[in-house]
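**Q** Have a look at this one.
The values are calculated or read from the model by the stated rules, or taken from the named source; none is laboratory data. A quick note: this is a predicted structure, and the numbers were derived from the prediction, not measured. When we count neighbours, we look across all protein chains shown, and the Cβ atoms used for this are built from the backbone with ideal geometry, even at glycine. Note: accessible area is taken over every heavy atom of the protein model, side chains too, but ligands, DNA and RNA are not part of it. Shrake-Rupley method; radii C 1.70, N 1.55, O 1.52, S 1.80 Å.
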Amino acid sequence: MAEVDLSPAQDRGVLKEIIKEGAGDATPTAGCKVKVHYVGTLLDGTQFDSSRDRDKSFKFNLGSGNVIKGWDIGVATMKKGEIATLTCAPEYAYGNNGSPPLIPADATLKFEIELLDWSGEDLSPNKDKGIERFQIVAGQSYTNPEEGSSVKIHLVGKYNDQVFEDRDVEFVLGEGEVAGIIEGVETALQRFLKGEKSRLLIKSKYAFKEKGNSEYNIPPNADVEYEVELQNFEKETSVWSMKPLEKLEQAKMQKEKGTKYLTSDKINLAIKVYQKVFKYLNDESGFEDDLKKEKDSLLVAAHLNLALCYLKTNENLLARDECAKALELDPQNEKALFRRGQAHLGLASPEIAITDFQEVLKVQPKNTAASKQILICNSLIKKQLAKEKKLYANMFDKFAQEDKQKEEQKLKELPDVMHGTLGEWGQEERPGGRDATAFEKENPNILMLNANGSGEFKNM
């Protein structure tokens, strides 16, 4: 086949000639991990490298600058199984310097390349190929949206090649759950550029998980596919550029949003948003007098609401820690003491929890909920003591029985000091096997038993 000029400037810098056609229409895109075999030669035919001679294929990330520019351009046009020759001018290869000692300066190179296979760019947090990206349209600029950015996207979701959703949607990145956006799409968007359009293959753990989605007829543990276009996004205003009053306003907005999520039982979203409050208020500088009071009040509220969220998700250690932080700012805070008591109960420590509930009553004697919790603590402590008493009693009984058995065993193992002394030898046991009369004649003073069992010395 005729050579095709692939160079962006059409300057014949990258020429491609297909030797063997590949299968299908799909080609790898920027970010894909491709696997190839290749043979590299100079224009005079001198071979300088070959993966085939090593009998080991070569893998690289396409479009990431891992290889010479001519490869990134050329391999992106190849189909699976295709074999092609790429002729790369110096500016698309090793340039003025070459790659001594095998490749001289200003060398035009020829590569015979076979595209064996490729996989999508792995965007999953744990690099488990749970989110794979195949770029369709490259994005613009060099910045990506981040958590908290307002994004506008168009997405098409597919399961078994059937479209289950096709819509435009705007949401805050990190809070996509409220707009029905799955985790895999949100995670991937943080690697998108404005205007980018990509196909995403998403495993169930980053999609609808074990629940599936009855509205979309998606069963549990199903993998899905999305085509996503990032139409626009706006990043959050940088905290460092805000004045104290602006920081307070932003913190209030996050707190109110968190409470909205909490009351609608979107606990994970509430936790995420409440945590943003600290981002705006952690800096001590600039907050004075009334502003400082307002700041501390917002911090206490955020800690208390986080503690409530953690109690609801049974993360009692985290709940206890949030209460402790609130009490550092407000040592007599009734809610902080009460919720810390609840956390200690959740941690099976009623003897510690009761102290917190008692402190609540010191602050507010009419707090009936705290009084009830004290009764619960006392009941649990009583049960715990009874259980321990029974446990120890059983333990001591076991030890006593073991000691008794050991003592009996020792007695069995001791030699019988009375054996024979009381005349209990049998004929075969008497010294020398002699009869009693002969033995007695030789030992006239031996203690002998009478018929009634009493003993007397003979011939004393």
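**Q** PRO125: under 19 Å from the mean Cα position of the chain (by Cα), farther than 27 Å from ILE68 by Cβ and not small (Gly, Ala, Ser), yes or no?
**A** yes
**Q** Here's a follow-up. Considering only residues of the stretch 191-212 that are under 19 Å from the mean Cα position of the chain (by Cα) and not hydrophobic (A, V, I, L, M, F, W, C), which is nearest to PRO145 (Cα to Cα)?
**A** Only one residue tops the list, namely TYR206.
**Q** In this structure, is SER150 within 25 Å of ALA270 (Cα to Cα), modelled with pLDDT of 95 or more and among the polar types (S, T, N, Q)?
**A** Yes; evaluated as a whole, the condition is true for this residue.
**Q** While we're on this one: May I ask you to list pairs of residues, at least six apart or on different chains, whose Cβ atoms are under 6 Å apart, with the first in the stretch 31-58 being assigned to a loop (DSSP other than H, G, I, E, B) and among the aromatic types (Phe, Trp, Tyr) and the second being modelled with pLDDT of 95 or more and surrounded by fewer than 10 Cβ atoms within 10 Å (Cβ to Cβ)?
**A** Listed pairs, sorted by first residue: none to list.
**Q** Within the stretch 176-200, track down each residue that is surrounded by fewer than 19 Cβ atoms within 10 Å (Cβ to Cβ) and aliphatic (A, V, I, L, M).
**A** VAL178, ALA179, LEU193
**Q** What number of residues within the stretch 140-161 satisfy the criterion of being of a type in the set (Phe, Trp, Tyr) and assigned to a strand (DSSP E or B)?
**A** Looking only at that region, the number is 1.
**Q** Run ASP265 past the list (1) closer than 27 Å to PHE171 by Cβ; (2) open to solvent by 60 Å² or more (accessible area, probe 1.4 Å); (3) assigned to a helix (DSSP H, G or I) and report the number of the one that doesn't hold.
**A** Against the list (1) closer than 27 Å to PHE171 by Cβ; (2) open to solvent by 60 Å² or more (accessible area, probe 1.4 Å); (3) assigned to a helix (DSSP H, G or I), ASP265 comes up short only on (3).
**Q** Here is a check on your reading of the model: is THR143 within 19 Å of VAL4 (Cβ to Cβ) and either open to solvent by 60 Å² or more (accessible area, probe 1.4 Å) or touching a Ser or Thr at 6+ places or on another chain (Cβ under 8 Å) (or both)?
**A** no
**Q** Within the stretch 277-285, is there a residue that is surrounded by fewer than 20 Cβ atoms within 10 Å (Cβ to Cβ), without any contact (Cβ under 8 Å) to a residue 60 or more places away in the chain and under 30 Å from GLN140 (Cβ atoms)? Don't jump to the end; show me each part of the working.
**A** Step one: of the stretch 277-285, the residues surrounded by fewer than 20 Cβ atoms within 10 Å (Cβ to Cβ) are 278-279, 282-285.
Checking the rest, the ones that are also without any contact (Cβ under 8 Å) to a residue 60 or more places away in the chain come to 278-279, 282-285.
Narrowing further to those that are under 30 Å from GLN140 (Cβ atoms): 279.
Within the stretch 277-285, one or more residues are surrounded by fewer than 20 Cβ atoms within 10 Å (Cβ to Cβ), without any contact (Cβ under 8 Å) to a residue 60 or more places away in the chain and under 30 Å from GLN140 (Cβ atoms).
**Q** Also, quick follow-up: Can you tell me which of (1) over 37 Å from the mean Cα position of the chain (by Cα); (2) acidic (Asp, Glu); (3) more than 26 Å from ASP296 (Cα to Cα) is the one GLU351 doesn't meet?
**A** Going through (1) over 37 Å from the mean Cα position of the chain (by Cα); (2) acidic (Asp, Glu); (3) more than 26 Å from ASP296 (Cα to Cα) one by one, GLU351 breaks only (1).
**Q** What residue, of GLN332, GLN358, GLN373, is open to solvent by less than 60 Å² (accessible area, probe 1.4 Å) and either free of Cβ contacts under 8 Å to residues at least 40 places away in the same chain or in a loop (DSSP other than H, G, I, E, B) (or both)?
**A** GLN373
**Q** Also, I was wondering about something else. Looking at the stretch 314-327 only, could you name the residues that are farther than 13 Å from ALA301 by Cα and open to solvent by 40 Å² or more (accessible area, probe 1.4 Å)?
**A** Of everything in the stretch 314-327, those that are farther than 13 Å from ALA301 by Cα and open to solvent by 40 Å² or more (accessible area, probe 1.4 Å) turn out to be ASN314, GLU315, LEU317, LEU318, ARG320, ASP321.
**Q** Quick one: which residue in ASP106, ASP117, ASP122 is of a type outside the set (A, V, I, L, M, F, W, C), open to solvent by 40 Å² or more (accessible area, probe 1.4 Å), touching a Lys or Arg at 6+ places or on another chain (Cβ under 6 Å) and closer than 30 Å to SER50 by Cα?
**A** Details: ASP106 fails: touching a Lys or Arg at 6+ places or on another chain (Cβ under 6 Å); ASP122 fails: open to solvent by 40 Å² or more (accessible area, probe 1.4 Å).
The conditions single out ASP117.
**Q** Now, a different point. Given (1) out of contact with any helix residue (DSSP H, G or I) (no Cβ under 9 Å at 6 or more places or on another chain); (2) more than 29 Å from GLY139 (Cα to Cα); (3) open to solvent by less than 30 Å² (accessible area, probe 1.4 Å), identify the lone condition not met by GLY45.
**A** Answer for GLY45: the failing condition is (3).
**Q** Among the residues that make up the stretch 316-328, is at least one of them more than 19 Å from MET242 (Cβ to Cβ), of a type in the set (Lys, Arg) and assigned to a helix (DSSP H, G or I)?
**A** Yes: one or more hits.
**Q** Right, another one. As an exercise: evaluate GLU114 against (1) assigned to a loop (DSSP other than H, G, I, E, B); (2) modelled with pLDDT of 95 or more and give the number of the one condition it does not meet.
**A** Looking at each condition in turn, GLU114 falls short on (1).
**Q** Determine whether PHE164 is part of a strand (DSSP E or B), open to solvent by less than 50 Å² (accessible area, probe 1.4 Å), among the aromatic types (Phe, Trp, Tyr) and out of contact with any Gly (no Cβ under 9 Å at 6 or more places or on another chain).
**A** Answer is no for this residue.
**Q** For the stretch 5-30, give me the residue count where each residue is free of Cβ contacts under 8 Å to residues at least 60 places away in the same chain and touching a Leu at 6+ places or on another chain (Cβ under 7 Å).
**A** Final tally of qualifying residues: 1.
**Q** Considering each residue of the stretch 12-33, count those that are surrounded by 17 or more Cβ atoms within 10 Å (Cβ to Cβ) and more than 21 Å from GLY139 (Cα to Cα), and give that number.
**A** 6
**Q** For the stretch 59-71, name all the residues that are within 19 Å of ASP122 (Cβ to Cβ) and either touching a residue at least 12 places away in the same chain (Cβ under 8 Å) or among the hydroxyl-bearing types (Ser, Thr, Tyr) (or both). Spell out how you get there, then give the answer.
**A** If we filter the stretch 59-71 for residues that are within 19 Å of ASP122 (Cβ to Cβ), which is where we start, we get 59-67.
Passing the criteria: LYS59, PHE60, ASN61, LEU62, GLY63, SER64.
**Q** Of the residues ILE131, ILE153, which single one is closer than 21 Å to ILE218 by Cβ, buried (at least 19 other Cβ atoms within 10 Å of the Cβ), β-branched (Val, Ile, Thr) and more than 23 Å from the chain's Cα centre (by Cα)?
**A** So the residue among ILE131, ILE153 that is closer than 21 Å to ILE218 by Cβ, buried (at least 19 other Cβ atoms within 10 Å of the Cβ), β-branched (Val, Ile, Thr) and more than 23 Å from the chain's Cα centre (by Cα) is ILE153.
**Q** Okay, moving on. Being in a loop (DSSP other than H, G, I, E, B), touching a strand residue (DSSP E or B) at 6+ places or on another chain (Cβ under 6 Å) and farther than 18 Å from THR41 by Cβ is the filter here, so list the residues in the stretch 80-111 that pass it.
**A** Residues satisfying the conditions are GLY81, GLU82.
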